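One structure is given below, encoded as structure tokens.
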Amino acid sequence: MTDLLIRNATLPDGSTGIDIAVAGGRITAIEPGITAEAGEVIDAGGLLVSPPFVDPHFHMDATLSLGLPRMNVSGTLLEGIALWGELRPTLTKEALIERAVRYCDLAVSKGLMAVRSHVDVSDPRLVTAEALLEVREIVKPYLDLQLVAFPQDGYYRGPGIVEALERALDMGIDIVGGIPHFERTMEDGARSVEALCRIAADRGLMVDMHCDETDDPMSRHVETLAAQTIRFGLQGRVSGSHLTSMHSMDNYYVSKLLPLIAEAQMAAIPNPLINIMLQGRHDTYPKRRGLTRIPQMLEMGIPVGLGQDCVMDPWYSMGTGDLLDVAHMAVHATQMGSVADKRTLFDAVTVNSARIMGLGGYGLEPGCYADMVILQAKDTAEAIRLRPARLKVIRRGKVVAETAPEVTRLSLDGRPASLDPTDYAPKGVI
């Protein structure tokens with residue numbers, strides 16, 4: 001017996017008229033003209049059905065804390081870090097859990113069902129780790145949450161951080177993090193990369209480091225991270241997040257760096273919204289975009305996933321939990337405006353990020369989990385342009401969120417009309 005049958009779907013690869021059958025929480029068939037009887041039938045009406053959105057870089061311990069204890073007046077990365085340092089001693093487990101769960105509810109309403117969150121372990125109390133581990137269990141029925149042990153203040157900069165990171169991993173944090181460019185010296189940064197990669201190798205864990213999140217073209221810890229990845233046999237298990245110094249590096253050096261990253265089988269996780277907001281703050285004009293070299297990385301075959309990073313916290317006063325906002329900004333900042341480019345960036349907030357996170361059972365194929373989103377859009381390019389309503393969000397074959405279609409009623413000069421945003425795509429082009 002088929003539990004759920006979705007009819008007349010358009011898939012991200014452009015296939016149309018597709019039916020999707022679900023039983024036992026998994027996809028059992030995905031093809032045109034499925035005739036099986038089903039307990040529930042949903043007519044997608046030719047609209048886009050996508051696997052869920054995936055956020056490979058977020059800070060859930062800080063989310064929704066905007067204004068506590070004060071606002072970031074300069075809007076800079078460094079003031080944000082300082083402000084978080086003021087807030088951190090006042091954090092309680094209960095408040096952290098409440099804000100994180102509230103954010104997870106928002107995320108699922110946007111079709112986001114997997115998040116990798118960095119968890120600050122600079123405070124030896126590890127209240128952030130305790131809270132996020134509890135949140136991981138609370139949201140498990142509807143959202144997959146990976147946690148990174150992240151020494152926000154620098155692995156070597158504060159007392160007890162080295163030991164706290166190890167304790168966080170012992171508690172069940174999934175991934176080893178770091179921030180080498182925020183250590184006191186370049187040498188300390190390089191030492192931290194080596195030490196943290198050694199920990200990951202010894203424990204059999206993945207690595208995800210904030211790396212070279214700076215405008216300084218001489219901040220080159222990503223080179224060290226790639227080299228240590230190869231040294232410790234961590235190929236395919238390491239991600240470099242942000243990598244914004246690459247927007248300032250000379251082309252000759254980058255022509256050496258990108259092949260090294262590819263050789264190390266590293267992934268890159270830029271965060272377009274935050275990188276554009278925080279970087280280039282010391283520039284007048286010309287003013288740098290603050291985003292790493294996404295098109296060149298893609299050309300090299302380097303896996304690229306796009307992250308939300310922040311929502312209403314000391315670093316970023318905006319954000320909606322919508323990964324299509326992230327892809328939309330990436331289109332503009334990277335000038336990747338073709339139909340093929342938009343499909344690539346849609347993959348960067350879905351399948352690419354799922355692979356980077358190592359999510360099992362993800363995708364729209366028989367045997368995969370029946371996790372999917374029906375969007376009020378006809379294809380991936382239109383989805384990025386409109387950032388449309390998530391009509392149905394489905395987890396393990398059950399609808400967990402619904403949003404009414406967006407339709408505007410007009411009455412102009414006696415001409416009543418309904419405006420559906422999907423009616424404005426160029427015919428025969430997309």
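Values as computed for the structure displayed
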{"quantity": "Residues of the stretch 121-138 classified as aliphatic (A, V, I, L, M), crowded, with 22+ Cβ neighbours inside 10 Å and part of a helix (DSSP H, G or I), total", "calculated": "4"}
{"quantity": "Candidate set from the stretch 258-274 (those that are buried (at least 19 other Cβ atoms within 10 Å of the Cβ) and without any contact (Cβ under 8 Å) to a residue 60 or more places away in the chain); member that is farthest from ASP216 (Cα to Cα)", "calculated": "ALA264"}
{"quantity": "Residue that is touching a strand residue (DSSP E or B) at 6+ places or on another chain (Cβ under 9 Å) and either surrounded by fewer than 22 Cβ atoms within 10 Å (Cβ to Cβ) or assigned to a loop (DSSP other than H, G, I, E, B) (or both), where the choices are THR214, THR229", "calculated": "THR214"}
{"quantity": "Filtered residues of the stretch 44-56 (kept if more than 17 Å from LEU364 (Cα to Cα) and out of contact with any Gly (no Cβ under 9 Å at 6 or more places or on another chain))", "calculated": "GLY45"}
{"quantity": "Checking ALA21 against (1) part of a loop (DSSP other than H, G, I, E, B); (2) at pLDDT 95 or above; (3) not assigned by TED's automatic domain parsing to the domain that holds THR320, the condition it does not meet", "calculated": "(1)"}
{"quantity": "Any hit, the stretch 406-429, residues being part of a loop (DSSP other than H, G, I, E, B) and over 25 Å from GLY45 (Cβ atoms)", "calculated": "yes"}
{"quantity": "All positions within the stretch 382-395 that are assigned to a helix (DSSP H, G or I) and either touching a Phe, Trp or Tyr at 6+ places or on another chain (Cβ under 8 Å) or among the hydroxyl-bearing types (Ser, Thr, Tyr) (or both)", "calculated": "ALA383, ILE384"}
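Residue by residue, here is whether (1) within 29 Å of ALA377 (Cβ to Cβ); (2) among the hydroxyl-bearing types (Ser, Thr, Tyr); (3) surrounded by 22 or more Cβ atoms within 10 Å (Cβ to Cβ) holds:
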| residue | (1), (2), (3) |
| --- | --- |
| LEU11 | yes, no, no |
| SER15 | yes, yes, no |
| ASP19 | yes, no, no |
| ARG26 | yes, no, no |
| LEU66 | no, no, no |
| GLY80 | no, no, no |
| ARG88 | no, no, no |
| ILE97 | no, no, no |
| VAL119 | no, no, yes |
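The values are calculated or read from the model by the stated rules, or taken from the named source; none is laboratory data. Given the structure is predicted, the values throughout are model-derived calculations rather than measurements. As a convention, Cβ positions derive from the backbone with ideal geometry for all residues, glycine included, and neighbour counts pool all protein chains shown.
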